[in-house]
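The values are calculated or read from the model by the stated rules, or taken from the named source; none is laboratory data. As the structure is a computational prediction, the values presented were derived from the model and not from experiment. Here the Cβ positions follow ideal geometry from the backbone for every residue, glycine too, while neighbour counts run over all protein chains shown. The accessibility values were calculated without ligands, DNA or RNA, using every heavy atom of the protein model including side chains. Shrake-Rupley method; radii C 1.70, N 1.55, O 1.52, S 1.80 Å.
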Amino acid sequence: MTLADTTLALSVTPNTTGFGAEVTGLDLSRSLPRAQLDAVKAAFLAHGVLWFPEQPLTHDQLEAFTLQIGPFGWDPYVAPLADRPHILEVRREPDETASPFGGSWHSDWSFQETPPAATILHAKVVPPVGGDTLYADGIAAYEALTPAFQRLLAQLQTIHSAERPYGPKGFYAGEQGRKGMTILSSPEAEKRYAHPLVRTLDDGRKALFVNPIYTLAIEGFSEAESTALLGFLFRHMTLDQFVYRHHWAPDMLTMWDNRRAIHNAQGGYDGHLRVMHRTTVAGGRPT
């Protein structure tokens, strides 16, 4: 098979909104030829969420694919696999009473000074019911706002921190009933970083960059003002017209752009095992 043949075999099928796309016709267990890798990266930038069905991968292969997309990001506050510091096992046991990990709207690790560009999640065990992931499109949500409101938001900085979930007094510190994962609460989670409320992506498009878990306030605003404006934006971003519901299947690999999308892991599978392996791709300082 020639390089041209492998490029032609790749197929990208977007959702009707253009947010989210299925990619078929390639084998992620092997190093992708340059043309295929460029096509995947272009599709990722265009559509924000990509899923690749029927991709059985070993740990080595998952790490190798991740590194083709970019260098590993830093994953704090969750213990990785013992022999794989860059792979988190997102696991929920059948008899677990804790809520699903990631079960509120958020952008992965937006509290970091340089939040990850992408998250990659590989499905190992998929329950027969529930377990969908919701994704909300920050570009479409931004573009639906009036130009006057866009200009106001473009001037604002927001404060991000991991203290609500991962701080010493955070949600996970007092949680009970979690068996499949080890959460590492820490005073480090109380660090704060300022990021633009609207960030610019590599193709020049702009996206809302706030989320209800890690965005604490708007810099320079009173608490009441921040609460009011952020509350509006959180409701606006998660309107049905901006949300894609993703259904998982065993061996499916999904990657999403944390610069553009927020996501929410759904439950509904009590009594069933669910196992995913996750890596992150490092990102730059939001601008």
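Points worth noting:
- Count Lys and Arg as plus one, Asp and Glu as minus one, and take only other residues whose Cβ is under 10 Å from that of residue 90; the net charge is then +4.
- One Cα centroid belongs to the stretch 231-252, the other to the stretch 114-140; the line between them spans 9 Å.
- CD proxy at 222 nm, helix term only [per DSSP H run n ≥ 4: -39500 (n - 2.57); per residue of the chain; nearest 500]: -6500 deg cm²/dmol
- Kirkwood-based shape ratio for the chain, expressed as Rg/Rh from alpha carbons: 0.96
- Reference-scaled alpha-carbon Rg (2.2 N^0.38 Å with N residues) for the stretch 94-230: 1.18
- The relative contact order of the stretch 2-136, computed from alpha carbon pairs under 8 Å that lie at least 6 residues apart in sequence, is 16 percent.
- Residues with amide H under 5 Å from that of residue 118, placed H, sequence gap 5 or more: 258, 281
- For the peptides 101-111, 30-40, residues were scored by their other Cβ atoms within 10 Å and the scores averaged per peptide; the highest-first order is 101-111, 30-40.
- Per residue value of the accessible surface for the stretch 159-221 (all protein chains in place, 1.4 Å probe), Å²: 48 Å²
- A probe of 1.4 angstrom, applied to the heavy atoms of all protein chains, finds residue 225 with accessible area near 100 square angstrom.
- Each Lys or Arg adds one and each Asp or Glu takes one away; over the other residues whose Cβ falls under 15 Å from the Cβ of residue 200, this sums to +3.
- Here the scattering of the stretch 58-102 is modelled by Debye summation over its C-alpha atoms, one equal scatterer each and no solvent; at q = 0.21, 0.23, 0.24 Å⁻¹ the log10 of I(q)/I(0) is -0.83, -0.92, -0.96.
- Net +/- balance of residues flanking residue 54 in space, Cβ distance below 13 Å, scoring K and R +1, D and E -1: -3
- Global form of the stretch 219-277, assessed from the alpha-carbon gyration tensor, a/c cut-off 1.5: prolate
- Residue-by-residue Karplus 3J(HN,Hα) for the stretch 191-196, coefficients 6.51, -1.76, 1.60, Hz, glycine and proline x: 4, 10, 9, 9, 10, x
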